[in-house]
1. Over the whole of C:82-94, what's the average partner chain Cβ count within 10 Å per residue? Rounded to a whole number, please.
2. Measure nothing fancy, just the Cα-based angle from helix B:88-109's long axis to the longest principal axis of chain B, in degrees from 0 to 90, nearest 10.
3. List the residues, sorted by chain then number, that are 5 or more residues from C:Val96 or on another chain and whose placed amide H is less than 5 Å from its amide H.
4. Explain nothing, just the number: dipole magnitude of the protein assembly as shown about its Cα centre with +1 on each Lys and Arg Cβ and -1 on each Asp and Glu Cβ, in debye rounded to the nearest 20.
5. Shielding of C:127-136 by partners, i.e. mean partner chain Cβ atoms within 10 Å per residue?
6. Hey, if you put +1 on the Cβ of every Lys and Arg and -1 on every Asp and Glu Cβ in chain B, which of B:Thr208, B:Met46, B:Gly182 ends up farthest toward the positive end of that dipole?
7. Determine, at each q value in 0.14, 0.20 (inverse angstroms), the log₁₀ of I(q)/I(0) that the Debye formula gives when each Cα of the range B:1-101 is one equal point scatterer.
8. Please give the contour-minus-distance gain from B:Ala39 to B:Leu254: 0.36 nm per residue of separation, less the Cα-Cα distance, rounded to one decimal in nm.
Amino acid sequence: MRRTAGKRLARGWIAGLLLGAATLCIPGVLFSDVAKPQIPSARGEQCVEPVEIMRRDHFDFMKHDRDTTVHEGVRSIKHSLAGCIDCHASRDTGGQFISINAEGQFCQTCHTYAAVKIDCFTCHAAVPATKVSQSP
Amino acid sequence: MSSGAFQILRPGKVFWLTAGVAAALALSGLAGAHHMESAGHWVTGMNNRVVWGLPHVFAVFLIVAASGALNVASIASVFKKASYKPLSRLSGLMAMALLVGGLSVLVLDLGRPDRLIIAMTYYNFKSIFAWNIFLYTGLLVVVAAYLWMMFEPRMHRFVGAVGKVAFIWRLVLTTGTGSIFGVLVAREAFGSIVFVPMFISMSLSFGTAVMLLAIILMFRLNNLPVKDEVITKLRSLLAYFVITVAFFVAVDHLTRLYTVGDTGVERFLLVDGGIYPLLFWAGQCLLGTVIPGIMLLTPRLAGRFPTVVASLLVLLGAFAQLYVLIVGGQAFPMDIFPGYTETSSYFDGVVAGYQPSLPELALGLGGIGLALLIALLATRVLPFLPQAPVDQPGG
Amino acid sequence: MSESEYSKSGSLRRRFFTQAGGGVALLALAPGVRLAELAIAASDDEPVSDKHRWGLWVDTSRCVDGCDKCVSACNEEHGLSGMDRPETDAQWIRKVDLQDEVTGRELSLPLMCQHCEEPPCVDVCPTGASFRREDGIVLVDKHICIGCRYCMMACPFHARAFIHEELSGQKTHSPRGKGVVESCTLCVHRVDEGRTPACVEACSNAGNDALVFGDLKDEEGRLALILDENEGVELRSDLELNTAVRYSEV
């Protein structure tokens with residue numbers, strides 16, 4: 001009696017797992033033709049890292065260098081958010097910079113595609129710095 | 001104590017009604033928190049001078065009461081009073097439920113509640129606040145283990161040992177909670193070592209009052225008989241705890257009045273600070289201490305209804321006390337320049353304003369709702385409540 | 001840089017070496033030579049060290065009653081625009097008007113984060129977001145601040161502000177945003193470039209020279225010389241915080 005109950009339970013688990021696995025595949029099948037993001041072109045010759053590496057590891061780079069800057073005052077860092085924005089922010093027809101996290105812009109277009117929320121621009125400027133008058 | 005002495009009860013209409021009210025409170029708390037977080041804290045009464053407000057009054061109340069609620073179980077397994085044994089599971093449950101309720105309020109009030117993971121991965125071990133995070137989560141683990149020892153017959157022999165750990169843990173926890181305010185040397189109303197014994201006594205008082213209400217409510221909802229012996233004992237315990245709190249509150253004020261000579265802040269809190277002296281004298285002293293104290297020590301008022309009223313009054317006094325302590329302590333201006341009157345655009349030298357707002361109140365009440373909901377639902381899932389009338393030692 | 005190189009550069013120090021170039025790395029790695037000894041003044045590609053301690057001198061006799069040039073310069077520098085809600089708007093520096101309770105003598109002075117050597121905000125911060133840089137500047141790492149406001153409870157100078165609403169139009173050099181705590185940074189972005197804080201510059205431009213910025217550890221420096229000749233009052237000296245902001249008289 002007890003054994004059959006156990007068997008039934010096991011069969012239930014296996015069926016459940018298979019069903020779950022099948023469900024997980026649905027988005028892949030249904031949405032596989034989602035358009036790749038159209039990334040606006042950047043200024044400058046070359047990114048600080050190869051594109052493939054930047055795509056995967058840009059957050060690790062930025063997180064690492066942000067700690068160096070905030071805690072140790074090292075500002076000549078290679079991977080700075082401001083650096084990304086300087087090259088990658090686009091201008092509108094009037095020549096004004098568009099926020100890099102606006103829909104369709106460099107950061108947002110990929111993050112929308114990957115469905116990852118960006119937390120940077122709650123605090124950080126999303127357009128390149130305009131040079132203010134600097135005193136000696 | 002055999003597991004047969006406990007039971008899961010069939011829920012009645014009143015039970016589901018109570019659970020519904022608790023769930024509604026918890027949901028409105030979530031709504032309040034969501035509003036605060038999406039609009040920003042400017043929609044609350046809190047500001048740059050009163051940085052902790054109503055949510056913190058509720059959170060500290062729930063956390064302090066949580067460690068006190070565990071006391072009933074400690075009496076049973078640490079101090080070997082068998083008549084409390086049938087209530088020790090409920091005691092552990094209430095401790096966990098209140099703690100979860102309080103922590104939820106605390107977390108949902110954060111400027112960045114989405115960074116909870118940071119609070120758990122980045123620690124500054126110099127911070128008493130960081131230690132409290134350990135103490136709170138640790139108590140949940142210890143009480144869960146404690147309950148497991150109680151539920152599992154093979155583990156009964158460890159109940160005493162784990163109970164002792166839980167008892168020491170909860171004392172340390174309340175020490176930590178009191179120290180949050182006790183270490184704030186910059187502010188005259190805080191920064192006193194008396195806060196530690198005061199918070200421990202507060203936890204005993206608030207927790208016992210909550211337990212009395214929980215026992216009476218749970219048994220009523222389940223039509224269980226509860227005999228008078230345990231209630232009578234807890235009533236007189238509560239009376240003594242209330243008196244102990246009053247003693248430490250007096251010591252706290254007196255040390256500041258005489259030893260330190262900080263008469264300005266005392267004048268503010270006790271005489272001319274507007275809402276704060278009113279809450280202190282009318283709320284904390286009269287309604288929260290004197291009246292329930294007398295009620296609890298009067299044998300003629302030993303019935304269920306007067307007990308419920310007295311316990312509720314103690315809790316009312318608890319809120320008045322924490323409001324005066326937390327909000328009043330911040331409202332009084334810091335004396336950055338002794339010997340000078342100060343004026344600035346940043347409210348130097350003036351009493352800070354604080355108007356509690358609806359989202360804050362909703363969040364605070366939501367914590368109470370969540371605690372009640374957890375406690376109610378848990379009794380439906382596991383045998384937390386005794387089968388026999390409470391004052392028959394089970395097994 | 002290849003992927004393997006990136007994965008190697010895990011630790012802060014190794015990262016530093018790869019950037020500073022082979023020569024410096026070799027020197028630093030040589031036995032008995034420590035990094036700190038190689039550090040030179042205000043260079044923004046090397047970690048700050050405790051060879052400096054940045055501070056401020058406030059000459060209250062030169063601070064003009066009713067003048068708030070330092071405050072507006074700070075607001076401009078960091079984009080503290082305000083929402084016209086005085087109780088929740090951020091102020092990093094403010095003018096406080098004082099009147100002696102006995103003599104009636106009046107004083108006016110700026111008050112901001114005092115950049116304590118023993119900062120209570122740093123002691124109480126649960127995550128370590130409040131921290132003191134090696135060169136004495138007390139900052140909030142807004143990436144790990146959870147917005148609990150315990151530091152604001154602990155600060156004896158009421159120097160901190162919590163951001164109560166969503167902001168926009170932040171300056172690149174001064175990131176700020178909803179839900180975290182902030183305070184005077186001693187214009188750390190300027191200090192790292194070898195410049196003086198905005199408030200000091202504004203006070204000097206106005207011809208008042210009530211504020212002097214400098215290195216407390218530089219014995220030949222202007223700040224040290226001033227403090228040699230003057231008492232240099234610490235606010236809340238009873239708390240023994242060893243503040244980096246000193247006043248001529250209070």
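1. Values: counts 0, 2, 0, 2, 5, 13, 9, 5, 2, 5, 0, 1, 5.
Across the residues of C:82-94, the mean count of other-chain Cβ atoms within 10 Å is 4.
2. 30
3. For C:Val96, the qualifying residues are C:Leu109, C:Leu111.
4. Details: 67 positive and 72 negative charges, 1130 e Å.
Approximately 5420 debye in magnitude.
5. Numbers: counts 12, 9, 5, 2, 3, 0, 4, 3, 2, 0.
Counting other chains' Cβ atoms within 10 Å and averaging over C:127-136 gives 4.
6. Comparing the listed Cα positions along the dipole, B:Thr208 ranks first.
7. -0.77, -1.10
8. On the way: separation 215, 0.36 × 215 = 77.40 nm, distance 4.25 nm.
Working it through step by step, the gained length comes to 73.1 nm.
A short reminder: the numbers here are calculations on the coordinates, not readings from a lab. Since the structure is predicted, the reported quantities are computational estimates derived from the model, not experimental observations. Reconstructed Cβ throughout: ideal geometry from the backbone, glycine too, with neighbour counts over all protein chains shown.
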